[in-house]
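Here is the structure we will look at, set down as structure tokens.
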Amino acid sequence: MEIKKVAVIGAGAMGSGIAYVCAVKGYNVSLRDISDDLVKRGMGKIREMIATGVNRGKLTPKDAEEIMKRIKSMTDVAEAVGDADLVIEAVFEDMDLKKKVFKELDELCPPHTILASNTSTLSITEMASATKRQDKVVGLHFFNPPYTMKLVEVISGKQTSEETRKVANDFAISLEKDTVLVK
């Protein structure tokens, strides 16, 4: 499976950083949060990251423009994930909230979509239990800040398929991240 479209759920520090990294590497990204204010803040952080890249000579103004074109921000979750190949959840570290998000994503995403969590501490297996696609649920734990830290943990749940784990690992590598496989 090829990842072309990524949706990031949660526009805080981690979500906006992950969205930025994906857009820099050429992915089309939907960044979604629950309010216009949170979405605007997340996009403001992305603009700051881009400006820093331009100021340091790591991005050209044309690069900056192209990156911004690849990121769409919104509050409508169905719009954000309706055509996503990969959804990365980056909401608060609260299992009840994450399970609620995963249940909603499972209902709204196309059948092929892989659902990933950026969690560092919570059970991928438990999150996956809220879905009907437990084999397509994986952890992609980016370290903070995602745009400078090279490591991503690829975390398998009990039902995560080998194909899902491989696609998630290959995706992280495409972002020029070093990966470590975790169960």
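The values are calculated or read from the model by the stated rules, or taken from the named source; none is laboratory data. Everything numeric here is computed off the predicted structure, so don't read it as measured data. All Cβ positions, even for glycine, are placed from backbone atoms using ideal geometry, and neighbour counts span all protein chains on display. In case anyone asks, the SASA skips ligands and DNA or RNA and just uses the protein heavy atoms, side chains included. Shrake-Rupley method; radii C 1.70, N 1.55, O 1.52, S 1.80 Å.
Quick check: anything in the range 58-67 hydrophobic (A, V, I, L, M, F, W, C), in contact (Cβ under 8 Å) with a residue 60 or more places away in the chain and within 19 Å of A11 (Cβ to Cβ)? No - not one qualifying residue is present in the range 58-67. In the range 39-51, the residues that are under 11 Å from M74 (Cα atoms) never reach a residue that is open to solvent by 100 Å² or more (accessible area, probe 1.4 Å) with C-beta atoms less than 7 angstrom apart, at least six apart or across chains. Look at (1) part of a helix (DSSP H, G or I); (2) among the hydrophobic types (A, V, I, L, M, F, W, C); (3) out of contact with any strand residue (DSSP E or B) (no Cβ under 9 Å at 6 or more places or on another chain) and you find that F102 fails only one, number (3). If the condition is being open to solvent by 10 Å² or more (accessible area, probe 1.4 Å), farther than 15 Å from E65 by Cα and either among the polar types (S, T, N, Q) or not in a helix (DSSP H, G or I) (or both), then the range 1-55 contributes M1, E2, I3, K4, K5, G12, R32, D33, I34, S35. Restricting attention to the range 144-161, the residues that are assigned to a loop (DSSP other than H, G, I, E, B), open to solvent by 60 Å² or more (accessible area, probe 1.4 Å) and touching a strand residue (DSSP E or B) at 6+ places or on another chain (Cβ under 9 Å) add up to 3. Give me the residue from the range 106-133 that is small (G, A, S) and more than 17 Å from V8 (Cβ to Cβ) and, out of that set, surrounded by the most Cβ atoms within 10 Å (Cβ to Cβ). Applying the filter and picking the extreme gives A128. Counting only residues that are touching a Gly at 6+ places or on another chain (Cβ under 9 Å) and on the phi > 0 side of the Ramachandran plot, the range 1-56 holds 1 of them. The set of residues from the range 61-84 being within 22 Å of I46 (Cα to Cα) and not aliphatic (A, V, I, L, M) comprises P61, K62, D63, E65, E66, K69, R70, K72, S73, T75, D76, E79.
All of K136, K103 fail the test of being in contact (Cβ under 8 Å) with a residue 12 or more places away in the chain and buried (at least 20 other Cβ atoms within 10 Å of the Cβ), apart from K136.
Among the residues of the range 105-123, the ones that are over 15 Å from the mean Cα position of the chain (by Cα), closer than 20 Å to V182 by Cα and either at pLDDT 95 or above or in a helix (DSSP H, G or I) (or both) come to 2 in all. From D178, D85, D106, D96, which residue is out of contact with any helix residue (DSSP H, G or I) (no Cβ under 6 Å at 6 or more places or on another chain), closer than 18 Å to A19 by Cβ and among the acidic types (D, E)? Going through D178, D85, D106, D96 in turn, just one is out of contact with any helix residue (DSSP H, G or I) (no Cβ under 6 Å at 6 or more places or on another chain), closer than 18 Å to A19 by Cβ and among the acidic types (D, E): D85. The set of residues in the range 61-93 that are part of a loop (DSSP other than H, G, I, E, B) and open to solvent by 70 Å² or more (accessible area, probe 1.4 Å) comprises D76, D83, F92, E93. With respect to T164, determine if the residue is closer than 24 Å to A13 by Cα and β-branched (V, I, T). It is false that T164 is closer than 24 Å to A13 by Cα and β-branched (V, I, T).
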